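Q: First the structure, which I've put down as structure tokens, then a few questions once you've had a look.
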Amino acid sequence: MINTMFVPQKQKHIMETPDMGKWELAGYEAALPVTEKSNPITREIDKADPVQIVHLLKECDAEIFQEEDDTLVNYKKSEQNLKCSTETRTSEPQLEVEIGQREGETSHRKVKRLYSASVLQTMMDVTKKVEAILKDPEHSLIILSGCGTSGRLAFLLATSFNKLLKGLHKNPSYAYIIAGGDKAILTSQEASEDNPHLGVEALKRVCAGKKKVLFIGISCGLSAPFIAGQLDFCLNNLDVFTPVLVGFNPVNMARNEIIEGWHLTFRQVAEKMEEVQETRRAFILNPAVGPEGISGSSRMKGGSATKIILESLLLAAHKATSNNKEVTAKNLLDWMKTYEKVHKITYSQGKMIAAMVKQAGTSLERMGRIYYIGWQTLGVMGIIDASECVPTFGTDFNDVRGFINKGYKEMANREGDLTSRGPEFEISHEDFMKNVLPDVTENDTVVFIFTLDDDLLEIEKLANQVKNKTPNLHAISHVTTGQYVSANIKKTFASVMSMTWPIVFFEYEGFFLQKFQRELSTKWILNAISTGGHILKGKIYFNHMIDLKVSNSKLFRRAVAILQRFTSRSPIICQEALLKSIYETDDLSDEIRNVEISTHTTLAATKFKVVPTALVLLTRNCSVAEAMSRIQAKPVVRETIDRYLTAPGRKRTADQIEMQRDEENE
């Protein structure tokens, strides 16, 4: 069955959306973990217009809430790499990856989903552990830890729930850890996530003096060494720690290569947690929510699902503690179902989101910039979205930036004001007005994000100053039923997207639930704006990040996999091309070949267009200098790749035909 989306008459490309869940079929990219698969829904997203982009992302996000069914997934285990010829090409190139699974072991199992009974049961078990911590805040602690997006969400959740406790005149019970420290909340510090020892050191510092610690380690792909080290430390100290792993792959799809400078793989740690879970001293929450809309971009569905799961179980625990009642599976299901309504409310504004996507794409295509000006935690959501664009799309930090009222005072991060560390750490509205606004032009897009409970006079004043610099001024306003955006606010902005939420009549926790829902709604909108804008700029090929920053081992492996997918070359040849691109040399020395991946990624993190250059190397069989020259000649990455690569399912482009003629004439 094919669901055909509504397409306006003047639309260039008629997109067809495959049924959700096609990725679950046995054999579909079987060698890849769920979080690294390409989502069939968004396969042609790079050719989509803004309306289509938003529709495809809506369908992809809806998979988070897809009900459990009888679909079987083939998790094939094999120690051997998939083999493919280095000489011949097929019309459907097969991705080769090192999957590191046991020879001959194959299993067919039902996929755990968000609403699966086993997931709800584990959430109930964790909720009881949370309740125990809340009853003894002096000697106990709940720690949330993650890398990149997961670490930013750990920060947001920990600070939010401490505010909830403060409102009840109770002591804080939460702490967060993010790989790379607080600067990683604002900028990409992804190399830190490769070090399990740093993870352990950070954990020891945060929990010093505590007798009981509930540790929640978030790794969407079950892959981050930083988290693996922390989980292993917890498992070796179960008298103090109860470890919880949150991710979105089955355990047998966890990363299974030996971690550099360590003795274990992530899968070995996760398998040990499975064994301990039988005694309810460790827990794994890993429902499958489907591949990302942009392959491997866990900032999107992975981040959203993390937020839904942890906020639901933590809020349920707080409510149970307040009411002295036991949490049931129905309680948890009811909490999570409210987020499903958030999805419907958010994407009901699809046309307005698409208009903002179009404007963002226009700004980026014209070398303009996108600025998010937010209030309270909605400002944090803008900062988080902006910080993720650098590693995802290989952009400069100035291309997409977020700012928040009162700056670090509002952020309430542990390390305080980081402004002295550089311009990328300037995040207050005052910083924006003083250091950014003078250089804003008509090519830039500015998006205000607020609720009608924020200071509307301040919002109007600031917006009018921005309006003098650019007409591309838009607003995302969250209102409660019965509230209305004033005429003055409406006329200040080119457009105002009003997200209307029902009035909250229930307990104190309910007000926080609505706050969390507004954050998730904002996250989905901003993810669409930044992702859609970069798609329109040409930063995505099919639904793959072809211009990602190769800044850690996970992204290094992903880069090799992308090269394999689109060239059908062997892993060794693809890795050689990637290294030539990183080191800008045609002759790789044994010294380069034999150093640890961390050495490669340290250098690659400083380079631009590493993966596109490697793709040209593989398809043109040319020198690195020529590949770099050809990339520079066509700044739109997707157009460059289209010129040299005939991808499966696509006709040869006019550029490719012309290029062949030129080569024949030569």
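Q: Would you call Val246 within 14 Å of Phe215 (Cα to Cα), of a type outside the set (Ser, Thr, Tyr), touching a residue at least 24 places away in the same chain (Cβ under 8 Å) and surrounded by fewer than 21 Cβ atoms within 10 Å (Cβ to Cβ)?
A: Numbers: within 14 Å of Phe215 (Cα to Cα): yes; of a type outside the set (Ser, Thr, Tyr): yes; touching a residue at least 24 places away in the same chain (Cβ under 8 Å): yes; surrounded by fewer than 21 Cβ atoms within 10 Å (Cβ to Cβ): no.
When the stated conditions are applied, Val246 does not pass them.
Q: Somewhere in segment 451-459, is a residue exposed (fewer than 15 other Cβ atoms within 10 Å of the Cβ) and in a loop (DSSP other than H, G, I, E, B)?
A: yes
Q: Specify which of the listed residues (Lys135, Lys129, Lys112) is at pLDDT 95 or above and open to solvent by 10 Å² or more (accessible area, probe 1.4 Å).
A: Lys129
Q: Just to be sure I understand, how many residues within segment 31-48 are in contact (Cβ under 8 Å) with a residue 40 or more places away in the chain and either part of a loop (DSSP other than H, G, I, E, B) or among the charged types (D, E, K, R) (or both)?
A: The qualifying residues number 11.
Q: So Asn594 ticks every box in (1) touching a Ser or Thr at 6+ places or on another chain (Cβ under 9 Å); (2) within 19 Å of Ser551 (Cα to Cα); (3) surrounded by fewer than 20 Cβ atoms within 10 Å (Cβ to Cβ); (4) not hydrophobic (A, V, I, L, M, F, W, C) but one. Which box is left unticked?
A: It fails just one condition, (1).
Q: Looking at (1) assigned to a loop (DSSP other than H, G, I, E, B); (2) in contact with a Pro (Cβ under 7 Å, 6 or more places away or on another chain), find the lone condition where Met273 falls short.
A: Result: Met273 passes all but (1).
Q: Checking Leu473 against (1) of a type in the set (A, V, I, L, M, F, W, C); (2) under 24 Å from the mean Cα position of the chain (by Cα); (3) open to solvent by less than 30 Å² (accessible area, probe 1.4 Å), which test does it fail?
A: Leu473 satisfies all of (1) of a type in the set (A, V, I, L, M, F, W, C); (2) under 24 Å from the mean Cα position of the chain (by Cα); (3) open to solvent by less than 30 Å² (accessible area, probe 1.4 Å) except (2).
Q: Moving on to the next point. So, of the residues in segment 378-394 that are of a type in the set (Val, Ile, Thr) and at pLDDT below 95, which turns out to be most open to solvent (accessible area, probe 1.4 Å)?
A: Val390
Residue by residue, here is whether (1) hydroxyl-bearing (Ser, Thr, Tyr); (2) within 12 Å of Val550 (Cβ to Cβ); (3) modelled with pLDDT of 90 or more; (4) out of contact with any Cys (no Cβ under 6 Å at 6 or more places or on another chain) holds:
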position: Ser581; (1), (2), (3), (4): yes, yes, yes, yes
position: Thr585; (1), (2), (3), (4): yes, no, yes, yes
position: Leu603; (1), (2), (3), (4): no, yes, yes, yes
position: Lys607; (1), (2), (3), (4): no, yes, no, yes
position: Ala614; (1), (2), (3), (4): no, yes, yes, yes
position: Leu618; (1), (2), (3), (4): no, no, no, yes
position: Cys622; (1), (2), (3), (4): no, no, no, yes
position: Ser629; (1), (2), (3), (4): yes, no, no, yes
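Q: Hey, another quick one. Considering each of Ser551, Ser570 in turn, give the residue that is under 28 Å from Arg369 (Cα atoms) and of a type in the set (Ser, Thr, Tyr).
A: Going through Ser551, Ser570 in turn, just one is under 28 Å from Arg369 (Cα atoms) and of a type in the set (Ser, Thr, Tyr): Ser551.
Q: A further question follows. Taking segment 395-418, which residues are open to solvent by less than 40 Å² (accessible area, probe 1.4 Å) and assigned to a helix (DSSP H, G or I)?
A: Tyr408, Glu410, Met411
Q: State yes or no: is Ser363 buried (at least 24 other Cβ atoms within 10 Å of the Cβ) and under 30 Å from Phe283 (Cα atoms)?
A: For Ser363, the condition - buried (at least 24 other Cβ atoms within 10 Å of the Cβ) and under 30 Å from Phe283 (Cα atoms) - is not met.
Q: Surrounded by 23 or more Cβ atoms within 10 Å (Cβ to Cβ), in contact with a helix residue (DSSP H, G or I) (Cβ under 8 Å, 6 or more places away or on another chain) and under 27 Å from Leu456 (Cα atoms): is that true of Gly350 in this structure?
A: Taking the combined requirement at face value, the residue does not satisfy it.
Q: Note down all Cβ pairs under 9 Å where the first residue falls in segment 467-493 and is part of a helix (DSSP H, G or I), the second is loosely packed, with under 14 Cβ neighbours inside 10 Å and not hydrophobic (A, V, I, L, M, F, W, C), and they're at least six residues apart or on different chains.
A: So the pair list comes out as Thr492/Asn464.
Q: Given the criteria surrounded by 21 or more Cβ atoms within 10 Å (Cβ to Cβ) and in a strand (DSSP E or B), does Val447 qualify?
A: So Val447 fits the description; yes.
Q: Quick one: count up the residues across segment 276-320 that are in a loop (DSSP other than H, G, I, E, B), among the charged types (D, E, K, R) and surrounded by fewer than 24 Cβ atoms within 10 Å (Cβ to Cβ).
A: Step one: list which residues in segment 276-320 are in a loop (DSSP other than H, G, I, E, B), which gives 278-282, 286-300.
This time we only want the ones that are among the charged types (D, E, K, R), so: 278, 280-281, 292, 299.
Those still in the list that are surrounded by fewer than 24 Cβ atoms within 10 Å (Cβ to Cβ) too: 278, 280-281.
Total satisfying the criteria: 3.
Q: Might you check whether a residue that is in contact with a His (Cβ under 7 Å, 6 or more places away or on another chain) and over 30 Å from Thr265 (Cβ atoms) occurs anywhere in segment 515-529? Give the derivation first.
A: We begin by selecting, within segment 515-529, every residue in contact with a His (Cβ under 7 Å, 6 or more places away or on another chain); these are 518.
Now narrow it down to the ones that are over 30 Å from Thr265 (Cβ atoms): 518.
Taking every residue of segment 515-529 in turn, at least one turns out to be in contact with a His (Cβ under 7 Å, 6 or more places away or on another chain) and over 30 Å from Thr265 (Cβ atoms).
The values are calculated or read from the model by the stated rules, or taken from the named source; none is laboratory data. Since the model is a prediction, treat every value here as computed from it, not as a measurement. Cβ: placed from backbone, ideal geometry, glycine included. Neighbour counts: every protein chain shown. Note: accessible area is taken over every heavy atom of the protein model, side chains too, but ligands, DNA and RNA are not part of it. Shrake-Rupley method; radii C 1.70, N 1.55, O 1.52, S 1.80 Å.
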